[in-house]
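Engineer: Structure below; questions to follow.
The values are calculated or read from the model by the stated rules, or taken from the named source; none is laboratory data. Nothing here was measured: the structure is a model prediction, and the numbers come from that model. Cβ sites come from the backbone with ideal geometry, for glycine too, and all protein chains shown count toward neighbours. Accessible surface is based on the protein model in full, side chains and every heavy atom, while ligands, DNA and RNA are left aside. Shrake-Rupley method; radii C 1.70, N 1.55, O 1.52, S 1.80 Å.
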Amino acid sequence: MQTFSYHSHTNSFGIYDGHNSPDEMMEKAESIGFTELGISNHLICKPGSYCWSSQNFDDFAKAETVYLKTIDAIREAASRHKIKVYVGFEVDYFKSAEWCREFEKLKKRLDVDYLIGSTHNLMNHDASWVQNIYHMTWSHIKVEEDILKDGIKNYWLNVIESIKSGYFDFIAHLDVKKFLD
């Protein structure tokens, strides 16, 4: 049996998409025999008009405040538990030079144990059109076939670029196709 997970999300501050508080997650992990737990809430920040949910930010400075509070809340909860807890973020990668500059500055200020690279979006070649895959699925958003094909191609190119960036300890969500069927 696997006795750890590093890809998990809390419901901290009412903005993340998890179902439980850090304390509840740690209690459950301990009760089922986990030896380690990594909590990796979403780090989604893209300047512009990409904010489709409360966990998405369009300004790195505003996001930093929330991310630092998130780290503190997880570490504070971990101090009350015996399980080894790691703090990370699941980062939506965007390949623009502006995004990379801002992310590199933010990354230096975050005291985390790991970063997961993720792509949750279909987008055009320059990411001026971005559509979250899960939001498309839940909202039954349909796009034209040629836009969809281009979006899927750019999804995989973004995954490749996120790997090449060297920012991440591992990559998640290599599952775009299952949400588009």
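Engineer: From the protein chains alone at 1.4 Å, what is the descending order of accessible area for Leu106, Leu148, largest first?
Structural biologist: Descending accessible area places them as Leu148, Leu106.
Engineer: Now, a different point. Could you please put Val87, Val66 in sequence from largest to smallest accessible area, using a 1.4 Å probe?
Structural biologist: From most exposed to least exposed: Val66, Val87.
Engineer: With a sphere of radius 15 Å drawn around the Cβ of Phe168, what net charge do the other residues whose Cβ falls strictly inside it have (Lys, Arg +1; Asp, Glu -1)?
Structural biologist: So the environment of Phe168 carries a net charge of -3.
Engineer: What percentage of the solvent-accessible surface of the chain, computed with a 1.4 Å probe over protein heavy atoms, is contributed by carbon and sulfur atoms?
Structural biologist: 53
Engineer: If you average the alpha carbon positions of region 10-39 and of region 47-97, how far apart do those two centres end up, in angstrom?
Structural biologist: 15
Engineer: What value, in deg cm²/dmol to 500, does the helix sum -39500 (n - 2.57) over DSSP H runs of n ≥ 4 give at 222 nm once divided by the residues of the chain?
Structural biologist: -13000 deg cm²/dmol
Engineer: Could you pull out every one of the lysines with an alpha carbon less than 18 Å from that of Lys153, ignoring same-chain neighbours closer than 8 positions?
Structural biologist: Leaving aside lysines fewer than 8 places away in the same chain, those within reach of Lys153 are Lys95, Lys142, Lys164, Lys177, Lys178.
Engineer: Just how far, in whole angstrom, is region 107-139 from region 140-159 if you go by their alpha carbon centroids?
Structural biologist: Region 140-159 and region 107-139 have Cα centres spaced 14 Å from each other.
Engineer: Considering only Ser139, Ser162, Ile152, whose Cα is most displaced toward the positive end of the charge dipole of region 106-181, charges sitting on Cβ of Lys, Arg (+1) and Asp, Glu (-1)?
Structural biologist: Ser162
Engineer: Spelling out what I want: for every residue of region 153-167, take phi, set θ = phi - 60°, compute 6.51 cos²θ - 1.76 cosθ + 1.60 (Karplus), and round to whole Hz; glycine and proline get x.
Structural biologist: Once rounded to whole Hz, the list reads 4, 6, 4, 5, 5, 5, 4, 4, 5, 5, 5, 4, 4, x, 6.
Engineer: While we're looking at this one, here's another question. Using only the alpha-carbon atoms, how far is helix 97-109 inclined from the longest principal axis of the chain? Give it as 0 to 90 degrees, nearest 10.
Structural biologist: So the helix axis and the longest Cα principal axis differ by about 10 degrees.
Engineer: Something else: Please list, or write none, the aspartates and glutamates whose alpha carbon is within less than 12 Å of the alpha carbon of Lys69, excluding same-chain residues fewer than 8 places away.
Structural biologist: Those aspartates and glutamates meeting the cut-off are Asp111.
Engineer: Magnitude of the Cβ-charge dipole of the chain, K/R +1 and D/E -1, about the Cα centre, nearest 20 debye?
Structural biologist: 260
Engineer: Please list, ordered by chain and number, the residues whose modelled amide H lies under 5 Å from the amide H of Glu90; skip anything fewer than 5 residues away on the same chain.
Structural biologist: When sequence neighbours closer than 5 places are left aside, the close amide H contacts are Asn41, His42, Leu43, Ile116.
Engineer: Follow-up. Quick one: work out the % antiparallel among DSSP beta bridges in region 24-104, nearest 5.
Structural biologist: 0
Engineer: Net charge within 12 Å of Glu102 by Cβ-Cβ distance, Lys/Arg positive one each and Asp/Glu negative one each, not counting Glu102 itself?
Structural biologist: +2
Engineer: Another question, if that's okay. Below 15 Å, Cα to Cα, which aspartates and glutamates can Lys105 reach? Residues fewer than 8 away in the same chain don't count.
Structural biologist: Asp59, Glu64
Engineer: Now a separate question. Suppose all protein chains stay in the model; what accessible area per residue would a 1.4 Å probe give for the chain, in Å²?
Structural biologist: 52
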